[in-house]
Amino acid sequence: MLQGKIVLITGANRGLGRMLSLRLAKEAAVILLACRNPELAAQLKKHIEEQGAKATVLRLDLTKREDAAEVAKIIEEQYGRLDILVNNAGVFSHSDDGKFEEITEDILQVMVQTNQIGLVRITQYLLPLLRRSQAGRILNLTSDLTDCNTMDGLFTVYRMTKVAVNALTVNLGAELQDTAIRVYGIDPGWMKTEMGGPDAPQTPEEVAEWIEWVLKLNRDVPSGTIFYGRDRAEWWKMKNQEEVDQKLICEQIATFYDLTPKRFVQALGRWGSSYRWVLETDDERLIFLKERPYYQSHAEAPFHRALHHHVFTQGGPVTKLHLTQDESYSFNNAAGRDFEVQDWHNGTHLSPNDWTDLYDLGKVIAQFGEAAKRFDVNRGNWSFPESRNVYHAERLNMIKRFSVPFLRKGYAGLGLDGEKWIEKIVDRLERADSTVEWEKLPQQFLHGDAHVNNCVRLPDGRVLIVDLDDARWGYRLTDLAWACSISSGIMWDTEHSQPRIANELNVEKIKKIVRGYEEIAPLQDAELAALPYLLSMNLVLAFINCTGLDEEDVPPAKDLQDQIETLIHHVDLCQNQIFDLERSSTRGN
């Protein structure tokens with residue numbers, strides 16, 4: 001796509017300019033190396049030509065009008081057009097651009113003349129040549145230091161010049177919107193160059209790769225976009241940023257997968273700025289783009305995705321997780337965000353009030369567990385994922401460690417003394433915990449958050465379980481107990497409603513789910529005996545989660561007290577009545 005393109009890069013003799021020149025030369029572009037001291041670029045020119053590409057060195061001091069005029073004249077005579085202008089050159093002095101009152105006239109003149117006036121001047125001289133390109137591109141190097149939310153009193157002049165660059169990027173782009181030219185900004189981040197120093201996280205090689213990707217965009221991304229990595233810089237806000245983001249994510253999917261998204265369908269869920277998008281491909285398939293959740297570490301995500309892929313290949317009840325062209329489970333936008341792509345199936349969530357749905361909920365949980373049995377990975381990585389372990393504790397000490405403090409905070413926030421109620425809950429759990437024969441309970445890989453709103457019935461009647469973000473290793477009974485607790489003891493009308501403890505614990509719902517589970521994987525006697533305790537424990541965890549106490553979102557005093565009294569009643573009911581599960585056959589209909 002860049003073969004034969006005429007590319008001028010300012011500041012080409014070192015740092016990012018040098019690395020970008022080498023990278024684009026490998027794409028058979030014609031590289032015009034613009035720098036103040038041409039002799040410093042001679043070796044670079046030779047290296048490019050030894051690779052079979054073409055390069056020309058041009059003298060360009062951005063503070064001199066005559067240099068800009070001469071560069072334009074040479075390009076006119078030798079090439080007749082310019083396809084790409086990368087305004088990379090700039091100056092910045094940490095020591096001289098400090099406190100405002102200490103800024104000298106000299107440093108002001110140097111930075112403004114180079115970073116601002118010089119950039120405008122060379123762009124003016126070269127714009128007529130860019131107009132002759134079939135798809136002209138102007139890329140202006142900028143900085144996240146222009147974000148008003150990060151300004152801390154330092155680097156006033158540099159920030160000021162780069163804010164001006166941003167204004168030029170947007171305004172010139174608007175002026176040229178009806179032409180074939182697009183004007184973009186590039187935020188390289190903190191980069192290992194003479195300007196950035198050795199401690200910077202980004203390398204010129206990485207940023208050069210980003211820029212090449214931007215130059216190869218197939219979609220018409222609007223001018224005025226500032227890129228960081230392969231995405232819009234998060235700090236850069238645009239009036240049409242939703243359109244921009246959708247185009248860029250479609251471009252990234254097309255880059256990494258053998259898929260070609262053609263349009264955005266809808267966004268899903270309550271996940272802040274995280275992407276959970278449904279897209280349609282050019283062959284009219286629906287796919288689901290899912291960003292790594294904010295609560296899941298970079299180290300955890302690969303294990304969850306590997307388990308997902310394994311369960312699918314074993315015929316388990318999950319969607320297909322697409323592999324990238326290099327057979328990875330996900331891709332990274334080069335700005336710290338990573339994504340996976342799954343098939344998307346239109347269907348309906350299971351209902352906690354439908355007996356067939358509850359039976360199938362039990363079945364699908366068991367089917368997931370059976371398919372996950374042969375997953376080969378170090379179990380030590382799954383003991384308790386770093387994320388959200390408060391929701392998935394299996395032992396009483398985890399309840400005490402996480403849930404009790406949340407209860408205390410909730411009461412304290414209302415000015416109430418809740419110790420006697422907390423003691424009642426802990427006492428009941430301690431007594432039940434002592435009856436469990438933990439060593440006899442089978443362990444396996446778990447879904448981790450199995451409930452009706454994470455299961456979807458397809459038009460053909462099949463049920464899939466989705467959202468494996470909380471998958472882990474543990475007692476297999478845990479998934480079943482969690483699903484029973486949520487379905488029978490929590491009022492949760494829709495996925496985004498505010499859940500709360502149900503007024504009545506529906507024992508028949510629990511039995512229906514267990515029967516569905518046992519159609520696939522019969523429970524052992526030790527598991528049936530332990531189920532009441534795990535139900536009790538999960539009701540406490542669900543209560544903490546559903547009331548928002550884990551996020552210190554304390555409900556009104558009376559409501560909190562009413563729900564806790566109901567919770568204690570449910571815990572008692574679990575430990576007394578649910579024992580009938582063992583005596584009455586759960587293996588029948």
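The values are calculated or read from the model by the stated rules, or taken from the named source; none is laboratory data. The shown structure was predicted, so the numbers you read here are calculated from the model rather than taken from an experiment. Note that we place each Cβ from the backbone using ideal geometry, even for glycine, and neighbour counts take in every protein chain shown. When the accessible area is computed, the model is the full protein with side chains, heavy atoms only, and any ligands, DNA or RNA have been set aside. Shrake-Rupley method; radii C 1.70, N 1.55, O 1.52, S 1.80 Å.
What the table shows:
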| quantity | calculated |
| --- | --- |
| Of all residues making up the stretch 184-195, the number that are over 27 Å from the mean Cα position of the chain (by Cα) and either among the β-branched types (Val, Ile, Thr) or open to solvent by less than 100 Å² (accessible area, probe 1.4 Å) (or both) | 2 |
| Tally, over the stretch 1-28, of residues that are within 12 Å of residue 211 (Cβ to Cβ) and not in a helix (DSSP H, G or I) | 4 |
| Candidates 330, 274, filtered to the one that is surrounded by 14 or more Cβ atoms within 10 Å (Cβ to Cβ) and at pLDDT 95 or above | 330 |
| Residues satisfying the stated conditions in the stretch 223-244, i.e. touching a helix residue (DSSP H, G or I) at 6+ places or on another chain (Cβ under 8 Å) and open to solvent by less than 10 Å² (accessible area, probe 1.4 Å) | 224, 225, 226, 227, 229, 231, 233 |
| Subset of the stretch 416-463 (residues that are open to solvent by 30 Å² or more (accessible area, probe 1.4 Å) and assigned by the TED database to the domain that holds residue 525) | 457, 459, 460, 461, 462 |
| Count of the stretch 518-527 residues which are open to solvent by 10 Å² or more (accessible area, probe 1.4 Å) and either touching an Asp or Glu at 6+ places or on another chain (Cβ under 8 Å) or at pLDDT below 90 (or both) | 3 |
| Count - residues of the stretch 196-214 that are assigned to a helix (DSSP H, G or I) and surrounded by fewer than 23 Cβ atoms within 10 Å (Cβ to Cβ) | 8 |
| Number of the condition not met by residue 259 [criteria: (1) over 17 Å from residue 230 (Cβ atoms); (2) more than 17 Å from the chain's Cα centre (by Cα); (3) touching a residue at least 60 places away in the same chain (Cβ under 8 Å)] | (1) |
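Yes/no per residue for (1) in contact with a Cys (Cβ under 8 Å, 6 or more places away or on another chain); (2) part of a loop (DSSP other than H, G, I, E, B); (3) at pLDDT 95 or above:
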{"position": "342", "(1), (2), (3)": "no, no, yes"}
{"position": "353", "(1), (2), (3)": "no, yes, no"}
{"position": "358", "(1), (2), (3)": "no, no, yes"}
{"position": "364", "(1), (2), (3)": "yes, no, yes"}
{"position": "369", "(1), (2), (3)": "no, no, yes"}
{"position": "376", "(1), (2), (3)": "no, yes, no"}
{"position": "387", "(1), (2), (3)": "no, yes, no"}
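Residues are listed down the side, and each one gets a yes or a no for (1) at pLDDT 95 or above; (2) farther than 20 Å from residue 159 by Cβ; (3) under 40 Å from the mean Cα position of the chain (by Cα); (4) open to solvent by 10 Å² or more (accessible area, probe 1.4 Å):
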site: 27; (1), (2), (3), (4): yes, yes, yes, yes
site: 48; (1), (2), (3), (4): yes, yes, yes, no
site: 71; (1), (2), (3), (4): yes, yes, no, no
site: 94; (1), (2), (3), (4): no, no, yes, yes
site: 105; (1), (2), (3), (4): no, no, no, yes
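Conditions (1) at pLDDT 95 or above; (2) within 14 Å of the chain's Cα centre (by Cα), marked per residue:
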residue	(1), (2)
209	yes, no
219	no, no
238	no, no
269	no, yes
